[in-house]
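Coordinate-derived values only; no laboratory data. Since the structure is predicted, the reported quantities are computational estimates derived from the model, not experimental observations. Positions of Cβ are generated from backbone atoms using ideal geometry, with glycine treated the same way; all protein chains shown enter the neighbour counts.
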Amino acid sequence: MIAQTAEVRDAHRFDVAALERYMREHVAGFAGSLTVSQFRGGQSNPTYHLSAGGREYVLRRKPPGKLLPSAHAVDREYRVITALGQTGFPVPRTFALCEADAVIGTAFYVMDCVHGRIITDPAIPGVTPRERGLIYDSMNDVLARLHKQDWKALGLADFGRPGSYFTRQFKRWTQQYRASETERIEAMERLMAWIPEHIPADDQTTIVHGDFRLGNTIIHPTEPRIAAVLDWELATLGHPLADLAYNAMPYHLEPDVLGGVLGQDLKALGIPTEEEYLAAYCRRTGRTDIPDWSFYVAFSMFRLSAIAQGIMGRVLAGTANDAQARSRGERARPMAEAGWAIVEARGR
């Protein structure tokens with residue numbers, strides 16, 4: 001992972017001495033002089049690699065500047081990671097949460113540095129077909145494990161509101177989209193009219209990650225399995241099929257525009273088909289089938305389009321965290337169009 005770090009960007013610099021003083025007081029076993037670099041990538045919460053006294057840590061913080069309401073909730077990330085860590089679920093160990101701005105300018109938390117491979121391309125280049133299939137199976141297994149967690153026993157009963165997840169999420173992401181809208185996208189307007197009229201009656205509650213995809217996991221350095229799940233900012237109590245559909249979106253997206261596997265020879269790659277992937281999830285979670293699958297996929301595309309629009313809003317405001325932010329923000333339109341195509345394919 002260290003190869004994916006660089007010098008801290010000017011907009012994200014902070015008082016390293018102040019952080020070092022904080023860690024001496026709040027992080028058990030901390031010693032030595034602190035060295036800081038910044039991880040490349042990541043749209044929302046700036047993420048840093050810390051080293052001191054022969055140990056490595058990762059720091060996630062709220063970005064500086066004007067923020068959208070309810071966004072960048074590092075305190076929620078810390079809470080859910082800490083709770084899941086008690087169960088043996090693959091997350092980094094957490095050390096400390098600082099909600100005060102006084103130390104480095106914004107709230108932050110410190111966790112363990114998990115080494116491994118971060119692979120953003122769902123085609124997983126550079127491995128054998130067998131390894132590719134095992135990584136997909138591990139991803140499927142980890143998601144099913146998340147959805148089977150007893151959120152009440154973990155002390156997360158107030159981590160979100162049980163029930164009516166899609167209604168609430170639709171309202172939230174519509175508001176976020178409007179708050180950062182930079183252009184009118186007709187497909188998005190159609191989705192925003194269609195979605196609230198077609199929410200399935202099926203209503204369940206589990207812990208949901210909110211951004212569960214291959215690129216938000218760390219693959220073990222040598223084994224084809226997930227060693228840790230990252231980026232829990234959007235986690236809440238919600239509908240498990242929202243997570244599953246978001247995770248399965250690459251099956252519906254072409255590689256060149258939106259980084260999917262649509263049109264690829266999945267058998268030759270060793271990647272399960274969407275039907276096989278869904279069947280494996282159903283086996284692991286005790287489901288018999290998934291009615292209204294196209295709704296969940298279309299909703300995921302609507303949501304990702306709204307997220308992309310938020311990224312573009314940060315690009316124009318000059319607060320984006322990633323050098324690739326503009327290209328990611330430009331995905332808002334093609335993502336919305338892909339979502340509307342799903343709707344049209346099902347005959348509305």
Quiz prompt | Whole-Å distance, taken between Cα centres, linking the stretch 244-312 and the stretch 145-203 | solution = 17 Å
Quiz prompt | Descending semi-axes in whole angstrom, ellipsoid equivalent of the stretch 135-198, from the Cα gyration tensor | solution = 31, 18, 12
Quiz prompt | Three principal axis lengths of the stretch 272-318 [C-alpha, angstrom, descending] | solution = 47, 19, 18
Quiz prompt | Relative contact order (%) - criterion: Cα under 8 Å, at least six apart; region: the chain | solution = 19 percent
Self-check item: Segment THR35-LYS267, length gained on full extension (0.36 nm per residue, minus Cα span)
Solution: 79.0 nm
Practice problem: Please state, as a whole number in µm²/s, the translational diffusion coefficient that the Stokes-Einstein equation yields for the chain at 4 °C and 1.567 mPa s, with Rh defined as the Kirkwood radius across alpha carbon pairs. | Solution: 62 µm²/s
Quiz item: What list of whole percents do you get for P(r) of the stretch 122-258, with Cα-Cα distances grouped in 10 Å bins up to the one holding the largest distance?
Solution: 10, 34, 34, 19, 3
Quiz prompt | Among the listed pairs LYS62/LYS152; LYS152/LYS267; LYS171/LYS267, those beyond 31 Å (Cα-Cα) | solution = LYS152/LYS267; LYS171/LYS267
Exercise. Could I get the Rg over Rh figure for the stretch 2-112? Both from C-alpha atoms, Rh via Kirkwood, rounded to two places.
Key: 0.94
Self-check item: Extension reserve of the GLU99-ASP158 stretch, reckoned as 0.36 nm per residue once the Cα distance is removed
Solution: 19.4 nm
Exercise. Equivalent ellipsoid semi-axes for the stretch 234-295, as square roots of 5 times the alpha carbon gyration tensor eigenvalues: give them largest first, rounded to whole Å.
Key: 22, 16, 10
Practice problem: For SER51 and GLN86, calculate 0.36 nm times their separation in residues minus their Cα-Cα distance, and state this gained length in nm to one decimal. | Solution: 10.1 nm
Quiz prompt | Signed unit charges on C-beta, dipole axis of the chain, positive-most listed residue ALA6, LEU154, ILE195 | solution = LEU154
Exercise. Only Lys, Arg, Asp and Glu count, each charged at its Cβ (+1, +1, -1, -1), so figure out the dipole size of the stretch 129-345 about its Cα centre, rounded to 20 debye.
Key: 500 debye
Quiz item: With charges set only on the Cβ (+1 for Lys and Arg, -1 for Asp and Glu), what does the dipole of the stretch 2-112 come to about its Cα centre, in debye to the nearest 20?
Solution: 180 debye
Quiz item: D for the stretch 212-268, whole µm²/s, Stokes-Einstein with Kirkwood Rh over alpha-carbon pairs at 37 °C and 0.692 mPa s: what number?
Solution: 250 µm²/s
Quiz item: Projected onto the charge dipole of the chain (+1 at Lys/Arg Cβ, -1 at Asp/Glu Cβ, origin at the Cα centre), which of SER300, GLY65, THR182 gives the Cα projection farthest towards the positive end?
Solution: GLY65
Practice problem: Write out the GluC sites (Glu not before Pro) in the stretch 160-209 meeting two conditions: DSSP loop, and at most 12 other Cβ atoms within 10 Å of their Cβ. | Solution: GLU183
